[in-house]
Structures are given as C-alpha cells and as structure tokens.
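Right, one structure below, let's go through it.
The values are calculated or read from the model by the stated rules, or taken from the named source; none is laboratory data. Just so it is clear, the structure is predicted and the values come from calculations on it, not from any experiment. Here Cβ is always computed from backbone atoms with ideal geometry, including for glycine, and neighbour counts include all displayed protein chains.
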Amino acid sequence: MTYKEEFIEYLIECDALKFGEFQLKSGRIAPYFINTGMFDTGRKIKKLGQFYARAIQDHFSTDFDGIYGPAYKGIPLCISAAQALADSGMDKGYVFNRKEAKTYADKSVIVGMPLTSETRLILVDDVITSGKAIRESLDILKACSNPKVCGIIISVNRQEKGNTDKNALKEVEEILGIPIHAIVTITDIKTCLHNKKINGQILIDDQMLAKINNYLETYGAA
C-alpha cells in the first residue's frame with residue numbers, strides 16, 4: 001500500500017472524509033466533505049504530520065530551511081510535520097503566525113525559527129479554496145524579513161474550478177508563482193475507495209461514484 005492510499009484510509013479512520021450531501025462555503029452541494037479538524041488527539045496529529053512530511057520529502061527533497069503554518073489550522077500541521085521530518089533524520093525549523101498581535105514583551109507576529117530574506121520555507125495548510133488565506137500568510141511573511149516560500153503542501157486537492165474554468169489550485173499557483181502539491185487528489189480517493197471495503201463498509205459504491213463524477217463534470221477541473 002502506498003502512503004497516499006494509507007492517507008486516504010487514515011482520513012476515513014479519523015472521520016475526516018465523509019460521503020453524502022454537503023453544502024460548501026461556495027454554495028455548491030458536494031457528495032463528499034473533508035474536515036481536517038478531526039485530527040484532534042496527539043496520536044492523530046502525529047500521524048498526520050508524518051503524511052505531510054512524506055509529501056514534503058517527495059516534492060521538495062531537503063532544499064528548504066523550515067515549515068510555516070498559518071494560524072490556526074496550520075499551527076499543529078507545521079509542528080507535527082517538523083517533528084516527523086526530525087524523526088526521519090531531517091531536522092528543520094518551524095514557524096507560525098499569531099492572529100492577534102501581542103502588546104508586551106516579544107511583540108513579533110510570528111512564533112518559531114528566526115527568519116531572514118534568505119530563509120526558504122515550505123507552507124503547510126489543510127485545503128485551499130480561493131487562496132485568500134495563503135495571500136494573507138505571504139503578506140505576513142513579507143513584513144517579517146520576507147523569507148522565500150518555496151512551495152505549499154495541502155491535504156487534498158478537490159480538483160474543482162476556482163473563479164475561472166481552471167483548477168482552483170492551479171489558479172492560486174499561477175497567481176502566486178509558488179508550486180502547490182496535495183498529499184492526495186479526489187481522483188486518488190475515487191480510485192482507492194471504489195467498491196473497496198473499509199472496516200466492512202463500502203463508502204464509494206457505483207451509485208456514490210456516479211454522484212461524485214456528476215459533481216466533477218459540473219465543477220471539476222483537473
């Protein structure tokens with residue numbers, strides 16, 4: 001089993017991947033929903049960090065200095081990913097931002113490793129929709145010594161259209177000029193789970209697969 005397949009099954013184990021009918025923030029009615037807030041114990045977040053670390057190693061090798069996680073969901077992601085990298089012999093820094101500025105002692109808006117204009121960071125987050133949160137993160141970093149963000153890792157690429165007919169991730173990637181990679185895509189999830197029993201249950205049978213495919217015919221963009 002590949003680590004991508006392991007990750008998909010782990011999403012299900014943690015109840016972070018559901019199938020049914022869900023209204024998204026965009027107003028779309030989707031047959032699946034991803035909620036990475038379900039990684040809510042030490043064991044779960046530790047293992048999640050291991051998947052992020054694998055993806056980072058796959059796409060960026062060792063050519064970076066640290067991992068940045070935007071508040072709030074990115075904070076446990078950057079720490080757990082940095083721990084997982086250290087366990088594999090790659091000791092990198094981590095850094096995250098504060099949502100609220102401190103008015104005493106250390107007033108920096110970031111916490112973690114020191115940054116310079118030469119620092120190379122990998123940004124980790126759960127998902128990307130419009131890219132607004134990512135742009136806010138880049139603005140924060142520009143004001144904090146302007147380190148270079150070399151790449152972005154997220155959990156799942158929904159492979160949906162953004163504001164144009166392009167894949168939302170590709171849109172953001174082109175606007176920012178930063179490569180974005182996901183641990184898995186919706187295509188990976190479909191392929192892995194179709195008619196496969198997980199804990200005695202088939203989550204994507206032929207009927208659910210048809211619903212997902214119909215949804216992607218309307219909103220999908222590879």
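Below are the figures for this structure:
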{"quantity": "Meets criteria (outside any helix (DSSP H, G or I) and within 19 Å of the chain's Cα centre (by Cα)) for Ile189", "calculated": "no"}
{"quantity": "Residue count for the range 177-215, restricted to those that are hydrophobic (A, V, I, L, M, F, W, C) and under 18 Å from Asp126 (Cα atoms)", "calculated": "7"}
{"quantity": "Subset of the range 87-101 that is assigned to a loop (DSSP other than H, G, I, E, B) and of a type outside the set (S, T, N, Q) - its residue that is farthest from Pro147 (Cα to Cα)", "calculated": "Gly89"}
{"quantity": "Residue among Ala30, Ala84, Ala71 that is part of a helix (DSSP H, G or I) and either aliphatic (A, V, I, L, M) or over 22 Å from Pro179 (Cα atoms) (or both)", "calculated": "Ala84"}
{"quantity": "Residues (under 15 Å from the mean Cα position of the chain (by Cα) and surrounded by 18 or more Cβ atoms within 10 Å (Cβ to Cβ)) located in the range 26-44", "calculated": "Ile34, Thr36, Phe39"}
{"quantity": "Sole exception among (1) surrounded by 16 or more Cβ atoms within 10 Å (Cβ to Cβ); (2) touching a Leu at 6+ places or on another chain (Cβ under 7 Å); (3) not aliphatic (A, V, I, L, M) for His194, by number", "calculated": "(1)"}
{"quantity": "Residues of the range 110-142 satisfying the condition of being closer than 18 Å to Ile79 by Cα, surrounded by fewer than 17 Cβ atoms within 10 Å (Cβ to Cβ) and either modelled with pLDDT under 90 or in contact with a Cys (Cβ under 7 Å, 6 or more places away or on another chain) (or both)", "calculated": "Arg120"}
{"quantity": "Selection within the range 49-73 - surrounded by fewer than 22 Cβ atoms within 10 Å (Cβ to Cβ) and within 20 Å of Arg98 (Cα to Cα)", "calculated": "Gly66, Ala71, Tyr72, Lys73"}
{"quantity": "Flag for Ile175 being under 22 Å from Ile8 (Cβ atoms) and among the aliphatic types (A, V, I, L, M)", "calculated": "no"}
{"quantity": "Subset tally (residues that are under 22 Å from Phe7 (Cβ atoms) and touching a Pro at 6+ places or on another chain (Cβ under 7 Å)) for the range 134-151", "calculated": "1"}
{"quantity": "Test set (1) in contact with a His (Cβ under 8 Å, 6 or more places away or on another chain); (2) surrounded by 19 or more Cβ atoms within 10 Å (Cβ to Cβ) - Leu209 fails condition number", "calculated": "(2)"}
{"quantity": "Qualifying residue in the range 142-157 (condition: free of Cβ contacts under 8 Å to residues at least 24 places away in the same chain and over 25 Å from Asn97 (Cα atoms))", "calculated": "no"}
{"quantity": "Unique residue being in a helix (DSSP H, G or I), out of contact with any Phe, Trp or Tyr (no Cβ under 8 Å at 6 or more places or on another chain) and modelled with pLDDT under 95 when the list is Gly37, Gly49", "calculated": "Gly37"}
